[in-house]
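Structure, as C-alpha cells:
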Amino acid sequence: MLSWRWSTGLEMQCVVLAGGLGTRMRPLTETVPKSLIPVAGAPFIDHQLRWLSGHGVTEVVLSIGTLGELIERHVGSGERFGVTVRYVNEGTALRGTAGALRLACERGVLADEFLVTYGDSYLPVDFGEVGRAFHASGAPGLMTVYLNDDAWDTSNVVFDSERRLVTLYDKRRALRPVEEYRYIDYGLSALRRDAVEERVPSGERHDLADVFHALSVAGKLAGLEVFQRYYEIGSPEGLRELERHLSGS
C-alpha cells in the first residue's frame, strides 16, 4: 500500500470520482464523459488537474467508468499536469461513490489517508490546507462545508464550528428541524483507507453519503469550513457559471 506523508508535505493523494453517466448533461455526455466537456477552451479535467497540482496534490486516482477510456487516453500519466495519475476502471457495473472507493482500495491504489472529490466539481480552495486539517484532526473522515442557507442547493449539514465537527450529515434532513441545516457538503472530503475497508462492503453498490452520515452520527466526522463558492458541470447552468468564472467574465 502507499505511504502517507502529508505532515512533511512530500505527497498528497486525491481520488477523483469520474465514473458517472452524466445524464443531466445529455446529449453532450452520450459521446464524451463529463470530465472531457469543453470549458473555457479546454476539457474540464485539464482545469481540475491543474488546480489540484497547484495546491499540493501530487497523485490523483481517477475512478472512471462509462467512456472512461477516453479520459485515460486524454490524461495519460498526468505528467503534463504536474501530477501522477492512476486509474481504476469500474466499466459499466458502477458501484456508487463509496463502492468505487472500495474497488480502488482492493486494487491497492489508495494511500493511508486521501482526499476525495468528484469528476464534475471545480473547487477553488487550497486542497493542501484541507489535507493538513484532516491529518491533524485524527478523525477517520473530514468533510469541507460551506455556509449555504439553501442558497445554492439544499443545505444538508449541521456543523459545530467551535469543535470543527460535523454533528450531522443528513441529505434527507429527517433527523433535525430544517432550520438547523445551514451548511452544505462542499464536495471535497478526506478519509482514512481503513474507514473504507471497515464501512463499505466489498462488491456492493454503496454511497458515500451513507458513510458520511454514519460517521457524523458517531461523532467521528471532522469538519472544515470553506468560504469560496463551488462550481460544477453537472448541469447546463453550472457549466455556464464555470465558463464565466474561468473566463474572468
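What follows draws every value from the coordinates through simple rules; no lab data is involved. Please read these numbers as outputs of a predicted model, since none were measured by experiment. Every residue, glycine among them, receives a Cβ derived from its backbone with ideal geometry; neighbour counts consider all protein chains shown.
Report, by chain and number, residues whose modeled amide H sits under 5 Å from the one on L188, excluding near sequence neighbours (fewer than 5 apart, same chain).
T144
Using a 10 Å Cβ count of at most 14 others and DSSP loop calls, identify the longest part of the chain lacking such GluC sites (Glu not before Pro).
Working: sites that count: E162, E204.
Counting only loop sites that pass the neighbour cut-off, the longest clear stretch is 1-161.
Expected output is a single nm value to one decimal: the length gained when fully extending between R80 and E241, i.e. 0.36 nm times separation in residues minus the C-alpha distance. What is it?
Extra length from R80 to E241 when fully extended: 55.3 nm.
Counting DSSP beta bridges in the chain, what percent are antiparallel, to the nearest 5?
Taking every DSSP beta bridge with both residues in the chain, the antiparallel ones total about 45 percent.
Report the label-to-label distance for E11 and R205 in nanometres (one decimal), using points 7 Å from each Cα along the Cα→Cβ vector.
So the label points at E11 and R205 sit 3.4 nm apart.
Can you check what the net charge comes to around S63, using other residues whose Cβ is under 11 Å from the Cβ of S63 (Lys, Arg +1; Asp, Glu -1)? Numbers along the way, then the final one.
Numbers: positive: R86, R95, R102, R107; negative: E90.
Here the charged neighbours net out to +3.
For the stretch 126-173, what value does the Rg/Rh ratio take when both radii are computed over Cα atoms and Rh is the Kirkwood radius, given to two decimals?
My calculation of the ratio gives 0.99.
Note down the relative contact order for the stretch 6-247 as a percent, whole number, built from C-alpha pairs under 8 angstrom at least six residues apart.
With pairs under 8 Å counted, the relative contact order is 24 percent.
Along Cα→Cβ, 7 Å out, is where each label goes; now give me the distance between the ones at R107 and E198 in nm to one decimal.
Once both label points are built, they end up 2.5 nm from each other.
Out of the stretch 218-247, which chymotrypsin sites (Phe, Trp or Tyr not before Pro) are coil in DSSP terms and have no more than 12 other C-beta atoms within 10 Å?
Within the stretch 218-247, the qualifying chymotrypsin sites (Phe, Trp or Tyr not before Pro) (loop, at most 12 other Cβ atoms within 10 Å) are F227.
For the chain, which span is the longest to avoid every loop-located (per DSSP) member of trypsin sites (Lys or Arg not before Pro) having at most 12 other Cβ atoms inside 10 Å?
The segment 1-162 is the longest one with no such site.
Output needed for the chain: three equivalent-ellipsoid semi-axes, defined as square roots of 5 times the C-alpha gyration tensor eigenvalues, in descending order, whole Å. Write out the running numbers ahead of the final one.
Numbers: eigenvalues 129, 94, 68 Å².
Equivalent-ellipsoid dimensions as semi-axes: 25, 22, 18 Å.
Taking 0.36 nm per residue of separation and subtracting the Cα-Cα distance, what length does fully extending A214 through D153 add? Each step should come with its number before you reach the end.
Details: separation 61, 0.36 × 61 = 21.96 nm, distance 2.20 nm.
This chain segment gains 19.8 nm when fully extended.
If you stretched the chain out fully between E179 and E129, how much longer would it get, using 0.36 nm times the residue separation minus the C-alpha to C-alpha distance?
The E179-E129 span can extend by a further 15.1 nm.
For a quick check, take a GNM of the chain with Cα springs below 10 Å and name the residue from A174, A136, A195 with the largest mean-square fluctuation.
Evaluated over the chain, the most mobile residue of the options is A174.
Compute the label zone of S161 within the stretch 183-221: residues whose backbone N is under 17 Å from the point 7 Å along Cα-to-Cβ.
Within reach of a label on S161: 183-186.
First measure r as the distance between the Cβ atoms of E72 and F227, then evaluate 1/(1 + (r/R0)^6) with R0 = 45 Å and state the FRET efficiency to the nearest 0.05.
Numbers: r = 35 Å, r/R0 = 0.77.
The formula returns an efficiency of 0.85 here.
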